[in-house]
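Shown next, in structure tokens, is the structure this report addresses.
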Amino acid sequence: MKYWTGLIVFIFLMACRVVPHGSFETPKSPTPDYRLLSNWAAHPDKKDAADSIPAHASVDEKDLSADVFFIYPTTYIGKRGEDQWNASIDDQELNNRTDATAILFQASIFNQAGRVFAPRYRQAHYEAYFTKDENSAKKAFRLAYQDVEAAFQYYLDHWNHGRPIIIASHSQGTTHAIPLLKKYFDGTPLQKQLVAAYLAGMPVTRDDFSQLMPCDHPDQTGCYCSWRTFQTGYRPHFKKPYLAERFAPLENTVVTNPLTWTTDTVYAPKRVNQGALLFRFNDIYPELVDAQVVRDMLWVTKPKFRGSLFIRTKNYHVADYNFFYFNVRENARERVEAFRSHNIQVSK
């Protein structure tokens, strides 16, 4: 029932959101200083939600051989008195919401694979994806990306020291992860350090990169995975023409099945789903959903749990990671092991 309660709260917040007023203006909030641990939602030198493991355990990231740079999704929907295109990283209420949702339920997936770094950034408002004011939206996303890139550069300069890297993201995080990968990894020397990229919640096409390739099997490294989750049979329909143009299916979209880690259209039954997390972090739902790649989408049969009868949406965007929590967790660990094994063999 907690899933349903959480969804009700989210819908209520969305209905009450404050849409940015007027055209984009550079926010008054200062540029984040990534020397400060307070400007990291997750960092191996601090105790944070990304350290959590279901069943009340926690992990010591300092002994892990790889790093995970996680870019969280949109949690900024505005509130009374706030109508800016970009969030402030000093908004404690927003930070608490980010930590209790994206960091706890998504970033924590990767704490068995590597040390988790997740920068706070001046994320673009949710409305930036849907507004007609495309110019303001582009500027808002550009500012958010500048923060993400600055955080990644600081991480590289001070904490990486040649360690293997996983890039992980969801939704707006993936909007920023794509250009980050293009600049730092696609055909560059740093590509040799890439374990894999998990780019969920936004379409990623084969044309986005020149050298980076989609992952086609579970232990492949130096590649990327991507998927967006919908109910089986879903077909997108947009009432507003400009939204239809913006969100129309893209050719060459890469869709990875997170139950098989292939990009083919073979159906994966829910018995291979190791477990999902919904809105109570320590409640595990084994074999909750199946999965199949269909064109540019990942289709899953509507999950059944207490309260699911009332779930009407067929877009399971919010659960892109959490439907497959333990499969992603295990796969990230396996890819790090494969990366290490390959590099040991090469060094010999």
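The values are calculated or read from the model by the stated rules, or taken from the named source; none is laboratory data. Quick caveat, the model's predicted, so the values are computed rather than measured. Reconstructed Cβ throughout: ideal geometry from the backbone, glycine too, with neighbour counts over all protein chains shown.
Screening ASN273 against (1) modelled with pLDDT of 95 or more; (2) surrounded by fewer than 19 Cβ atoms within 10 Å (Cβ to Cβ) leaves a single unmet condition, (2).
How many residues are at positive phi and of a type in the set (Asp, Glu) when one looks only at the range 272-320? Let's see the steps before the verdict.
Applying the first criterion (at positive phi) to the range 272-320 yields 275, 287, 295, 307.
Still in the list and also of a type in the set (Asp, Glu): 287.
Here the count works out to 1.
Just one of the listed residues (TYR267, TYR325) is within 22 Å of the chain's Cα centre (by Cα) and either farther than 20 Å from CYS215 by Cα or modelled with pLDDT of 95 or more (or both), and it is TYR325. Condition test on LEU259, is it within 18 Å of the chain's Cα centre (by Cα) and of a type in the set (A, V, I, L, M)? When the stated conditions are applied, LEU259 passes them.
Looking only at the range 194-246, count every residue that is among the charged types (D, E, K, R), outside any helix (DSSP H, G or I) and surrounded by 12 or more Cβ atoms within 10 Å (Cβ to Cβ) and tell me the total. Walk me through it before giving the result.
Applying the first criterion (among the charged types (D, E, K, R)) to the range 194-246 yields 206-208, 216, 219, 228, 235, 239-240, 245-246.
Still in the running and outside any helix (DSSP H, G or I): 216, 219, 228, 235, 239-240.
Imposing the further condition that a residue be surrounded by 12 or more Cβ atoms within 10 Å (Cβ to Cβ) reduces the set to 216, 219, 228.
So the count comes out to 3.
Residue count for the range 1-45 satisfying the condition of being modelled with pLDDT under 95 and in a loop (DSSP other than H, G, I, E, B): 17. Of PHE281, PHE238, PHE247, all but one fail to be without any contact (Cβ under 8 Å) to a residue 12 or more places away in the chain and over 30 Å from MET213 (Cβ atoms); the exception is PHE238.
Among the candidates THR31, THR131, which residue alone is surrounded by fewer than 22 Cβ atoms within 10 Å (Cβ to Cβ) and touching a helix residue (DSSP H, G or I) at 6+ places or on another chain (Cβ under 6 Å)?
On the way: THR31 fails: touching a helix residue (DSSP H, G or I) at 6+ places or on another chain (Cβ under 6 Å).
None of the others qualify; the one that does is THR131.
The one condition from (1) at pLDDT 95 or above; (2) under 18 Å from MET202 (Cβ atoms); (3) surrounded by fewer than 18 Cβ atoms within 10 Å (Cβ to Cβ) that ASN96 does not meet is (2).
Each row is one residue, and each column tells you yes or no for (1) within 28 Å of ASN331 (Cβ to Cβ); (2) of a type in the set (Gly, Ala, Ser); (3) in a helix (DSSP H, G or I).
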position	(1), (2), (3)
GLN84	no, no, no
GLU93	no, no, yes
ALA100	yes, yes, yes
TYR121	yes, no, no
THR131	no, no, no
SER136	no, yes, yes
GLN146	no, no, yes
ILE166	yes, no, no
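Would it be correct to say that PRO179 is free of Cβ contacts under 8 Å to residues at least 40 places away in the same chain and exposed (fewer than 15 other Cβ atoms within 10 Å of the Cβ)? Against the criterion (free of Cβ contacts under 8 Å to residues at least 40 places away in the same chain and exposed (fewer than 15 other Cβ atoms within 10 Å of the Cβ)), PRO179 does not qualify.
With respect to SER108, is the statement that it is outside any loop (DSSP other than H, G, I, E, B) and either under 26 Å from THR131 (Cα atoms) or in contact (Cβ under 8 Å) with a residue 24 or more places away in the chain (or both) true?
On the way: outside any loop (DSSP other than H, G, I, E, B): yes; either under 26 Å from THR131 (Cα atoms) or in contact (Cβ under 8 Å) with a residue 24 or more places away in the chain (or both): yes.
Criteria met by SER108.
Annotation for the range 301-314: no member residue is at pLDDT 95 or above, in contact with a helix residue (DSSP H, G or I) (Cβ under 7 Å, 6 or more places away or on another chain) and assigned to a loop (DSSP other than H, G, I, E, B). The one condition from (1) surrounded by 23 or more Cβ atoms within 10 Å (Cβ to Cβ); (2) in contact with a helix residue (DSSP H, G or I) (Cβ under 7 Å, 6 or more places away or on another chain); (3) among the β-branched types (Val, Ile, Thr) that THR174 does not meet is (2).
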